[in-house]
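Everything below concerns the one structure shown next.
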Amino acid sequence: MRETITQLTYLAASILFILGLRSLTRPDKARRGMQLAAVGMLLALCGTLMNHQIVDYRWIAGGLVLGTIIGYPLGMWVPTTALPQRIAMSLSFGALAATLVGVAEYYSAFHGGEGHIGAAKMTAIGFEVLLGSLTVTGALIAAGKLQEWVPSQPMTYRGQNLVNFAMFAAALVLFAMVVLDPTRSTAFYTMIGLAALLGVLMVMPIGGADMPVVVALLNSYCGLAAAATGFALGNSILIICGALDGASGFLLAILMSKAMNRSFANVLFGAFGGETAAAAVGGGSALPVRSVSAEDAAIQLAYAQRVIIVPGYGMAVAQAQHAVRELAELIEKRGGEVKYAIHPVAGRMPGHMNVLLAEANVPYDKLYDMDEINSEFPQTDVALVIGANDVVNPAAREDKSSPIYGMPILDVDHAKSVIVLKRGMAAGFAGIENALFHAPATSMLFGDAKSSLTKLVSEVKSA
Amino acid sequence: MLILELYVFVLAAFVGFVVITRVPPLLHTPLMSATNAISGISLVGSMVAAGANRGTVSTALGFIAVVCATTNVVGGFLITDRMLKMFRREPHDDASKTRKQ
């Protein structure tokens with residue numbers, strides 16, 4: 001009877017989770033849907049507490065309390081600019097939970113348990129701890145890179161991929177050994193160690209701008225580890241949630257790498273921006289650049305009928321989203337029309353720019369995807385590029401020798417005039433010269449994005 | 001039993017693909033935090049490990065796992081809600097909310 005009730009709560013939770021995810025297809029329904037999903041989570045937890053295997057509630061209660069104390073600030077106080085590293089951190093936590101459950105399951109089977117693990121269950125535990133520990137360290141490094149505690153440049157050395165591949169192969173051999181004979185505990189724990197090390201080595205060579213793909217992929221691994229936990233414990237809700245999580249992460253990773261016109265393999269093993277791109281920079285630039293003062297730029301904006309704002313990671317770094325919104329409202333008050341063009345990989349995680357702008361009270365119906373807005377640039381009076389570089393580089397469309405050739409970009413260069421807010425003439429992440437900055441229609445407004453925008457706001461006000 | 005579990009996994013992954021393909025890029029960040037919160041369901045495994053009294057090691061590992069998973073559940077749902085609250089359609093007078101720099 002108790003078992004049936006537990007299973008029914010799991011079924012209800014699964015339905016609520018899927019409905020919650022479905023609600024995310026509609027921004028106006030999303031909040032309600034996710035609140036229902038949270039109710040589903042509560043149901044599932046209550047159902048689990050009735051499990052007959054649980055005899056001692058003290059540690060569970062302690063863990064729930066401690067987790068809530070840590071989780072609350074991570075939910076409520078983390079600024080939106082720090083979202084990517086926050087998500088990477090929680091991927092690491094989730095994977096750690098899955099790994100530890102796997103280890104506990106393995107350990108207790110041979111210490112006071114049955115003394116044997118079947119091949120199917122051992123395979124599940126193996127996947128669980130392999131993917132889990134790889135994600136724990138990988139996500140930690142990713143979070144460190146996003147927070148810039150770890151250098152965000154790609155770190156490479158000769159033969160790197162060979163070393164990683166050899167380690168991966170070794171981990172797989174150990175995996176097979178443990179499945180054939182589960183009593184080989186040394187092999188089991190060595191496999192975990194190897195996978196953890198591999199997580200570090202795999203993410204280290206990946207640069208900051210490729211993090212959207214990496215975070216999405218780690219999300220997928222974390223889900224698969226949870227699904228493997230479900231197989232090991234014979235628990236269907238874990239399998240369902242793990243599958244949903246895995247599918248979501250995988251899908252996002254595909255979308256992100258498509259938006260960069262690169263394959264997974266290229267992101268994971270290519271170490272973009274390393275040796276290859278260095279050669280491309282070598283040419284140097286003697287091309288002319290037209291610098292503009294805030295006053296002149298403000299006049300251009302004040303009398304523009306159609307303006308498209310293109311935000312990039314630079315806007316997030318400068319925390320300039322509120323100033324952007326203020327400027328946009330001023331232009332609208334003067335009768336101009338303002339839209340925002342969001343490139344899929346602008347920022348450091350999928351959809352990051354949208355959240356930042358939504359936080360700054362920009363209504364979401366003014367945020368446009370690349371495909372929706374690209375055709376509108378030719379009718380645009382001013383395109384205002386804020387801290388974006390590679391995603392507006394026309395070389396991706398025109399220059400076959402460019403490393404980013406083929407990457408879908410925002411056609412900012414088709415606008416009647418372009419104003420670029422930028423710190424200096426440094427090359428973008430890919431280390432590639434950007435012809436947009438030298439185009440006759442482009443004027444550059446140098447300086448910190450936030451102070452430039454503040455100046456623009458006060459100038460437009462007095463224009 | 002294993003076959004049944006594989007069915008569940010494959011069908012759930014399929015549903016996931018179909019549902020998530022339709023999530024607009026606008027909400028991709030909330031999507032990530034939402035799946036993250038939902039994956040905190042590993043709590044159901046951790047709680048059993050922490051409470052089944054199968055020895056100190058299992059209890060200790062289970063306890064840490066409960067802490068990690070709870071952190072994700074609580075933090076994940078809260079941050080998702082916080083983000084979704086920000087997405088508004090109507091342009092409105094937000095003088096009171098304007099943050100001056």
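May I ask for the percentage of alpha-carbon pairs in segment A:1-77 that lie more than 22 Å from each other? Walk me through the intermediate numbers first.
On the way: 1161 of 2926 pairs.
In whole percent, the long-distance tail amounts to 40.
Where does the protein assembly as shown land at 222 nm, in deg cm²/dmol rounded to the nearest 500, when only DSSP H runs of n ≥ 4 count, each adding -39500 (n - 2.57), divided by all residues?
Working: 22 runs with 348 residues, N = 564.
Helix-only estimate at 222 nm: -20500 deg cm²/dmol.
For the protein assembly as shown, what does the accessible surface come to per residue with a 1.4 Å probe? Please give it in Å². List each step's numbers first, then the result.
On the way: 22480 Å² over 564 residues.
I get 40 Å² per residue for this part.
Counting Lys and Arg as +1 and Asp and Glu as -1, each charge on the Cβ, what is the dipole of chain A about the Cα centre in debye, to the nearest 20?
Numbers: 30 positive and 32 negative charges, 79 e Å.
Its charge dipole is roughly 380 debye.
Give the Kirkwood hydrodynamic radius (Å, one decimal) of segment B:27-86, defined as one over the mean of 1/r across all pairs of different Cα atoms. All intermediate terms of the calculation are to be shown ahead of the outcome.
Working: mean 1/r = 0.0829 Å⁻¹.
Averaging 1/r across every pair of different Cα atoms and inverting gives 12.1 Å.
With equal scatterers on the alpha carbons only and no solvent term, can you work out the Debye log10 of I(q)/I(0) for chain A at 0.08, 0.13 1/Å?
Listed by q, the Debye log ratios stand at -0.55, -1.19.
Hey, if we sort A:HIS352, A:HIS322 by accessible area with the 1.4 Å probe, largest down, what's the order?
Working: A:HIS352 0, A:HIS322 25 Å².
Per-residue accessible area, sorted high to low, gives A:HIS322, A:HIS352.
Over the whole of A:227-234, what's the average partner chain Cβ count within 10 Å per residue? Rounded to a whole number, please. Let's see the in-between values first.
Working: counts 7, 1, 6, 8, 6, 1, 5, 4.
Mean shielding by partner chains, rounded to a whole number: 5.
Under 8 Å for C-alpha pairs, at least 6 residues apart: give me the relative contact order for chain A, rounded to a whole percent. Write down the numbers at each step before the final one.
On the way: 773 pairs, mean separation 61.3, N = 463.
Relative CO of chain A lands at 13 percent.
How much solvent-accessible surface does A:PHE127 expose, in Å² to the nearest 10, with a 1.4 Å probe and all protein chains in place?
100 Å²
Once a ≥ b ≥ c are taken as the square roots of the eigenvalues of the Cα gyration tensor of segment A:306-389, is the result rounded (a/c under 1.5), prolate (a/b larger than b/c) or oblate (a/b not larger than b/c)?
Details: a/c = 1.64, a/b = 1.19, b/c = 1.38.
The shape class here is oblate.
For segment A:21-161, report the convex hull volume of the alpha-carbon atoms normalised per residue, in Å³, without decimals. Mind dumping the intermediate values first?
Values: hull volume 28.6 nm³, N = 141.
In segment A:21-161, the Cα convex hull volume per residue is 203 Å³.
For segment A:299-316, in order, what is each residue's ³J(HN,Hα) by Karplus, 6.51 cos²θ - 1.76 cosθ + 1.60 with θ = phi - 60°, in whole Hz (x at glycine and Pro)?
Taking θ as phi minus 60°, the curve returns 5, 4, 5, 5, 9, 7, 8, 10, 10, 10, 9, 10, x, x, 4, x, 5, 5 Hz for segment A:299-316.
Arrange the peptides A:116-124, A:228-236 so that the one whose residues have, on average, the most other Cβ atoms within 10 Å appears first.
A:228-236, A:116-124
Suppose R0 equals 35 Å. What FRET efficiency, 1/(1 + (r/R0)^6) with r the Cβ-Cβ distance, do A:HIS438 and A:ARG158 give to the nearest 0.05? Walk me through the intermediate numbers first.
On the way: r = 36 Å, r/R0 = 1.02.
Result of the calculation: an efficiency of 0.45.
Can you give me the C-alpha center-to-center distance between segment B:13-58 and segment A:289-341, rounded to a whole angstrom?
First find each Cα centre; the distance between them is then 40 Å.
Kirkwood Rh, Cα Rg: Rg to Rh for segment A:360-434?
Values: Rg = 13.1 Å, Rh = 13.4 Å.
Across segment A:360-434, the Cα-based Rg/Rh ratio is 0.98.
Got a number for carbon plus sulfur as a percent of segment A:83-270's accessible area, 1.4 Å probe? Display every interim value, and only then the final one.
Values: 4510 of 6500 Å².
Heavy-atom surface of segment A:83-270 belonging to carbon and sulfur, 1.4 Å probe: 70 percent.
Using modelled amide H (1.01 Å from N, peptide plane; none on Pro or chain starts), what sits under 5 Å from the amide H of A:THR380, excluding residues fewer than 5 places away?
Amide H neighbours of A:THR380: A:LYS416.
With an 8 Å Cα cut-off and a minimum separation of 6 or more residues, compute the relative contact order for segment A:294-462 in percent. Don't jump to the answer; show the numbers that get you there.
Working: 327 pairs, mean separation 49.3, N = 169.
It rounds to 29 percent for segment A:294-462.
Counting only other chains, what is the mean number of Cβ atoms within 10 angstrom of the Cβ of each residue in peptide A:342-349? Show your work: numbers first, answer last.
Details: counts 2, 1, 2, 0, 0, 1, 0, 4.
If you average over the peptide's residues, the count of other-chain Cβ atoms is 1.
Per-residue HN-Hα couplings for segment A:170-178, Karplus 6.51 cos²θ - 1.76 cosθ + 1.60 at θ = phi - 60°, whole Hz, x for Gly and Pro?
4, 4, 5, 4, 4, 4, 4, 4, 5
Any idea what the relative contact order of segment A:373-463 is, in percent, if you count C-alpha pairs under 8 Å spaced at least 6 apart?
Numbers: 140 pairs, mean separation 26.8, N = 91.
Relative contact order of segment A:373-463: 29 percent.
Just to be sure I understand: with springs between alpha-carbon atoms less than 10 Å apart, which residue in B:VAL57, B:VAL15, B:VAL66 has the highest mean-square fluctuation in the Gaussian network model of chain B?
Largest GNM mean-square fluctuation: B:VAL15.
Take the Cα pairs of segment A:294-462, get the Kirkwood Rh, then feed it into Stokes-Einstein at 20 °C and 1.002 mPa s and tell me D in µm²/s.
Working: Rh = 15.6 Å.
Approximately 137 µm²/s, per Stokes-Einstein.
Count the net charge of all other residues whose Cβ sits under 10 Å from the Cβ of A:PRO84, scoring Lys and Arg as +1 and Asp and Glu as -1.
Values: positive: A:ARG86, A:LYS145, A:ARG348; negative: none.
In short, +3.
Does chain B come out rounded, prolate or oblate, given a ≥ b ≥ c as the square roots of the eigenvalues of its C-alpha gyration tensor, rounded meaning a/c under 1.5 and, failing that, prolate meaning a/b above b/c? Could the numbers behind the result be given before it?
Details: a/c = 5.09, a/b = 1.58, b/c = 3.23.
Note, shape of chain B comes out oblate.
I'd like the distance separating the alpha-carbon centroids of segment A:429-463 and segment A:218-240, in whole Å.
The two parts, judged by their Cα centres, are 47 Å apart.
According to the square roots a ≥ b ≥ c of the eigenvalues of the Cα gyration tensor, what is the shape class of segment A:142-277, taking rounded for a/c under 1.5, prolate for a/b larger than b/c otherwise, and oblate for the remainder?
It comes out oblate by the Cα gyration axes.
Quote the accessible area belonging to A:TYR189 in square angstrom, nearest 10, computed with a 1.4 Å probe and with ligands, DNA and RNA left uncounted.
90 Å²
Roughly how many whole Å is it from the C-alpha centroid of segment A:53-68 to that of segment A:97-122?
About 21 Å separates the Cα centre of segment A:53-68 from the one of segment A:97-122.
For B:LYS85, go through the lysines and keep the ones whose alpha-carbon is under 24 Å away, minus same-chain ones fewer than eight residues off.
A:LYS29, A:LYS339, A:LYS366, B:LYS97, B:LYS100
Each residue of segment A:374-383 in turn: what ³J(HN,Hα) in whole Hz from Karplus with 6.51, -1.76, 1.60 and θ = phi - 60°, glycine and Pro shown as x?
4, 6, 8, 4, x, 8, 8, 6, 10, 9
The values are calculated or read from the model by the stated rules, or taken from the named source; none is laboratory data. Fair warning: this is a prediction, and the values are worked out from it, not measured in the lab. Cβ atoms come from the backbone with ideal geometry, glycine included; neighbour counts cover every protein chain shown. Accessible surface is based on the protein model in full, side chains and every heavy atom, while ligands, DNA and RNA are left aside. Shrake-Rupley method; radii C 1.70, N 1.55, O 1.52, S 1.80 Å.
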